[in-house]
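Contents: one structure, followed by commentary.
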Amino acid sequence: MVLKGEGIAKEFIREGRGTNRFPAVSDTDIELAPGTLTVLSGRSGSGKTTLLNMLSGLLPPTRGRVLLGEQDLYSLPDRELSRLRNEKIGVIPQGQTAIHSLTVSENILLPCALYGKPDKSAEAYAAKLMEQLDIAPLAGVRPSELSGGELRRMAIARALIRRPEIIFADEPTGDLDDENTAAVFDFLRSTAHEGAAVLVVTHEASAGDYADRQLVMKAGKIDI
Amino acid sequence: MLHSLALKNLRGKPGRTAVLMILTALLALTVISGTIIVSSLRSGLSSLEDRLGAEIMVVPYEATTKKSFENILLQGSTGYFYMDKSVMDQVSETEGIGELSAQFYLASTSSGCCSIPVQLIGFDPETDFTIQPWIRRSFNEPLKENDIVIGNDLNAFVGDTLQFYGVDCRVAAKLEKTGTSFDTTVFTGFDTIKKMTRASIDKGLNTYKGVDPEAVVSCLLINTSDERSPEEVVNDTNLHNKKVRAVRTKEMISGVSDSLGGVSRIVGILMAAVWVLGGVILLLAFTMSVNERKKEFAVMRVIGASRGLLARTVMSEALAVGLFGSLIGIALGLFIMLPFAGAAEQLLAMPYLLPSAGKTAALAAAALAVSVLTGALTAAVSAYRISRLDTGVILRGDN
Ligand SMILES: Nc1ncnc2c1ncn2[C@@H]1O[C@H](COP(=O)(O)OP(=O)(O)OP(=O)(O)O)[C@@H](O)[C@H]1O
Ligand SMILES: [Mg+2]
């Protein structure tokens, strides 16, 4: 399914003298097609995370629409949008995002547990993802014992466990070494080529080698 | 699965969970203990009213000045006093008397059953209207000669023989618990108590040396007829009989009901204070516990948890903690309050009758509801706030 942003913009109110509307993302059109790995780069503060959040259904835009297929995401009530996001959209957020009371494998399976019980095939898929991401031995370990890179790979597995059609990754290789970085990009590219639409926000220069499409963001606008 | 996530969250932070649980346990403990105390005092008072059973009591004047009479009935001390039997005929002429019966008091020296002296009360089987209806609940036969009926706290059993001033008495029945001084009293008929009194005089153990048991009584119990109020009958009796004094039982126990009101109020205030304080601390504790995990909740949003689901997760945690904590608190409360009822009675120096098992269960259920609800209510604030969580803001480049 295609994910489309139509004229989406986000303005934040900045504290200061009077009301100061600050455009983090200016009216932007963007389309993410199945089977494509799109790489989005740009200076810090240029609005990449803001754009990604809007596209992934986490941040309502000030203007414009986000369409998944024919469905306008932000016209849905929270319950339906959440379920839709749970099934169709995988997000690897910036930073460390583990639930500390759960083990690594419970963290990975959590998306399957929100609206039901993880079944055998989900468990098998989790095992496979952990194998591919090289964290299989850590399945029963708590996140507090993991390194930053291991946590990041756990977050990747968690984003993929529902086999989403759209995948967003915000700096997924921020704290990984070159070898792991290459492995993650390899992994995301093969996921894209299996049919998902993937958007990766990254500073990584080597990302271009894996990208089907490269976008650069400058002061809230996509520069093509 | 949601519940198991909530439980895992609780187990993941044992310290925090323990604090929350102890708080709710304390809340439940206070509520159950407080309600048991108040309810026991209430039923103690109404049981005392029941047991006194008459609207008016007439006693020798000196018995009221020395307070010996009130102390016997309300404090459980022992004693006796006598007035001439002719008083009964005079009083019976007062207008508005419905029922009238005499009683005869005696105190034992320490006897076989009891390490302390017990109060003996003799009633007239012909006219008695206060004691026999009560005895009948435990023992539905007329008392034979030398039969006694004993209060619940006395350490003897039906069929035992107890000796009072050399008179062998058979325990015909043991009364149910009243929570009043009557629990350490021995009741018997006029014939038996007079026999004992005579023996006590013969042995030189009675302070009234020259008294003839056949010619005296200790007090008169009166219920008024419908024509006159107890007030009027009391005034009339006191006007015409100088050596005796008529008192309304209501007035006599007004001291008890006053202090009961006082204790109830204090317990109520304490309960309210603990409730408010506990509620505020719980509110803070839940807020902290949730704030600390704001990011984890944001992550749950990212993987597709609805706002309602987040709120339910918080509420599940709160309910689990509240339920466990409250159950512990209530068990502890019952464990303290039930076995130590006797101590409470002595400490408060007031009639104290524990509620029945059924009522105790109802009080426990109510305490459970109050403390779980308090926990839930305070957690609801956090649940609401977490459901309004701005995921995009929380997860934006925060490391
Ligand atoms: N909730 C917010 N309130 C106010 N301003 C915000 C908010 N979120 C983002 N901004 C501002 O919007 C701009 C874009 O932020 P954004 O996080 O999208 O940048 P980014 O491109 O992801 O940067 P980085 O590479 O450092 O992650 C920044 O100037 C930021 O200060
Ligand atoms: Mg960013």
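Computed per residue of chain B from DSSP H runs no shorter than four, each worth -39500 (n - 2.57), the mean residue ellipticity at 222 nm is -18000 deg cm²/dmol. With the charge dipole of the stretch B:51-252 set up from +1 on Lys and Arg Cβ and -1 on Asp and Glu Cβ about the Cα centre, the Cα lying farthest toward the positive end among the listed residues B:PHE104, B:SER225, B:GLY204 is that of B:GLY204.
Positive contributions from Lys and Arg (+1) and negative ones from Asp and Glu (-1), summed over other residues with Cβ under 12 Å from the Cβ of A:PRO34, come out at -3. The GNM of chain B, with springs linking C-alpha atoms under 10 angstrom apart, assigns the highest mean-square fluctuation among B:TYR80, B:TYR384, B:TYR352 to B:TYR384.
Per-residue SASA remark: B:MET315, around 50 Å² accessible (1.4 Å probe; ligands, DNA and RNA not included).
Tell me the carbon and sulfur percent of the accessible area for the protein assembly as shown, rounded to whole percent, probe radius 1.4 Å. Reported share for carbon and sulfur atoms: 55 percent. Simple point charges give the picture: +1 on the Cβ of Lys and Arg, -1 on the Cβ of Asp and Glu, and for the protein assembly as shown a dipole about the Cα centre of about 1800 debye. Taken along the Cα-to-beta-carbon direction at a fixed 7 Å, the label points for B:ARG137 and B:ALA331 span 3.3 nm.
Scan the stretch B:218-272 for GluC sites (Glu not before Pro) in coil per DSSP, keeping those whose Cβ has at most 16 other Cβ atoms within 10 Å, and list them by number. Those that pass, being in a loop and sparsely packed, are B:GLU227. Residues of the stretch B:356-382 falling in the label zone of B:ASP50, defined by backbone nitrogen less than 20 Å from a point 7 Å along Cα to beta-carbon, are B:356-363. Within the shell defined by Cβ-Cβ distances under 9 Å, the residues around B:SER101 carry a net charge of -4, with Lys and Arg each +1 and Asp and Glu each -1. Taking amide H as placed 1.01 Å from N in the peptide plane, the amide H of B:ILE131 sits under 5 Å from none that are at least 5 places away or on another chain.
Beta-bridge orientation, chain A: approximately 50 percent antiparallel, per DSSP, counting only bridges with both partners inside.
Projected onto its three principal axes, the C-alpha set of chain A covers 52, 39, 37 Å, listed from the longest axis down.
Sorted largest first by accessible area at a 1.4 angstrom probe radius, with every protein chain in place, the residues A:LYS221, B:LYS8, B:LYS194, B:LYS13 fall in the order A:LYS221, B:LYS13, B:LYS8, B:LYS194. Both chains summed, the buried accessible area for A and B stands near 2300 Å², from protein heavy atoms and a 1.4 Å probe. Sequence-ordered 3J(HN,Hα) estimates for the stretch B:163-173 from the Karplus curve with 6.51, -1.76 and 1.60 and θ = phi - 60° stand at 10, 10, 6, x, 8, 7, 10, 9, 6, 8, 7 Hz, glycine and proline given as x. Taking all protein chains together and rolling a 1.4 Å probe, A:HIS193 ends up with roughly 110 Å² accessible. Neighbours of B:GLY79 by Cβ distance under 12 Å: Lys/Arg scored +1, Asp/Glu scored -1, total 0. Couplings for the stretch A:182-195, taken from phi via the Karplus curve 6.51 cos²θ - 1.76 cosθ + 1.60 with θ = phi - 60°, read 4, 5, 5, 5, 3, 5, 5, 5, 5, 5, 4, 6, 7, x Hz in order; Gly and Pro are left as x. With a/c under 1.5 counting as rounded, go ahead and sort the stretch B:51-252 into rounded, prolate or oblate using the C-alpha gyration tensor (a ≥ b ≥ c being the square roots of the eigenvalues; past the cut-off, prolate if a/b is larger than b/c, else oblate). Judged from the Cα gyration tensor, the stretch B:51-252 comes out prolate (a/c at least 1.5, a/b above b/c). Return the long-range amide H neighbours of A:VAL39 (sequence gap of 5 or more, or a different chain), with a cut-off of under 5 Å between placed amide H atoms. Result for A:VAL39 returns A:VAL200, A:ASP212, A:ARG213, A:GLN214, A:LEU215.
When the Gaussian network model of chain A links Cα atoms closer than 10 Å, the mean-square fluctuations of A:PRO61, A:PRO93, A:PRO118 top out at A:PRO118.
If a spin label sat at a point 7 angstrom from the Cα of A:ARG14 along the line to its beta carbon, the backbone N atoms of the stretch A:195-218 nearer than 17 Å would be those of A:218. Using R0 = 41 Å, the C-beta based FRET efficiency linking B:ASN152 and B:GLU292 works out to 0.15. Taking a point 7 Å out from the Cα of B:LYS67 in the direction of its Cβ, the residues of the stretch B:328-363 whose backbone N falls within less than 20 Å of it are B:345-352.
Per residue, the stretch B:253-399 exposes 47 Å² of solvent-accessible protein surface, assessed with a 1.4 angstrom probe and all protein chains in place. Pairs of lysine residues in chain A that meet both criteria, 8 or more places apart or on different chains and Cα atoms under 30 Å apart, total 18.
Look at the Cα gyration tensor of chain B: its axes a ≥ b ≥ c give a/c of at least 1.5 with a/b over b/c, and that counts as prolate. Of the beta bridges DSSP finds with both residues in chain B, what % are antiparallel, to the nearest 5? Restricted to chain B, the bridges split so that about 75 percent are antiparallel.
Starting from 0.36 nm per residue, how many nanometres of slack lie between A:GLU131 and A:ASP209 once their C-alpha separation is accounted for?
25.7 nm
With the simple model of a label 7 Å out from the Cα in the direction of the Cβ, B:ALA366 to A:HIS193 spans 7.3 nm. Applying the Karplus relation 6.51 cos²θ - 1.76 cosθ + 1.60 with θ = phi - 60° to the stretch B:140-155 yields 3J(HN,Hα) values of 9, 9, x, 6, 8, 4, 6, 7, 10, 10, 10, x, 5, 7, 7, 8 Hz, where x marks Gly and Pro.
Remark on the protein assembly as shown: ratio of C-alpha radius of gyration to 2.2 N^0.38 Å is 1.62.
Among B:SER46, B:SER86, B:SER181, the largest mean-square fluctuation in a Gaussian network model of chain B, built with springs joining Cα atoms closer than 10 Å, belongs to B:SER86.
Subtracting the Cα-Cα distance of B:ARG388 and B:LYS243 from their residue separation scaled by 0.36 nm leaves 44.1 nm.
Projecting label points 7 angstrom from Cα along Cα→Cβ for B:HIS3 and A:ARG163 puts them 3.1 nm apart.
Ordering B:LEU389, B:VAL321, B:VAL91 by Cα displacement along the dipole of the protein assembly as shown toward the positive end leaves B:LEU389 in first place; charges were set at the Cβ atoms of Lys, Arg (+1) and Asp, Glu (-1).
Considering only A:PRO60, A:VAL39, B:VAL302, the residue lying farthest towards the positive end of the dipole of the protein assembly as shown is A:VAL39, judged by Cα position with unit charges set on Cβ. One chain, two ends: B:SER86 and B:GLN163. Fully extended at 0.36 nm per residue, the span grows by 24.6 nm beyond their Cα-Cα distance.
For the residues B:ASP191, B:ASP183, a 1.4 Å probe over the protein chains yields an accessible-area ranking, largest first, of B:ASP191, B:ASP183.
Calculate how many DSSP beta bridges within the stretch B:51-252 are antiparallel, expressed in % of all such bridges and rounded to the nearest 5.
Counting DSSP beta bridges with both partners in the stretch B:51-252, the antiparallel share is about 75 percent.
Angle of helix B:230-240 to the longest C-alpha principal axis of chain B, folded into 0 to 90 degrees and rounded to 10: 30°.
The values are calculated or read from the model by the stated rules, or taken from the named source; none is laboratory data. Please read these numbers as outputs of a predicted model, since none were measured by experiment. No Cβ is skipped: glycine too gets one built from the backbone with ideal geometry, and neighbour counts run over all protein chains shown. For accessibility, only protein heavy atoms count, side chains too; no ligands or nucleic acids. Shrake-Rupley method; radii C 1.70, N 1.55, O 1.52, S 1.80 Å.
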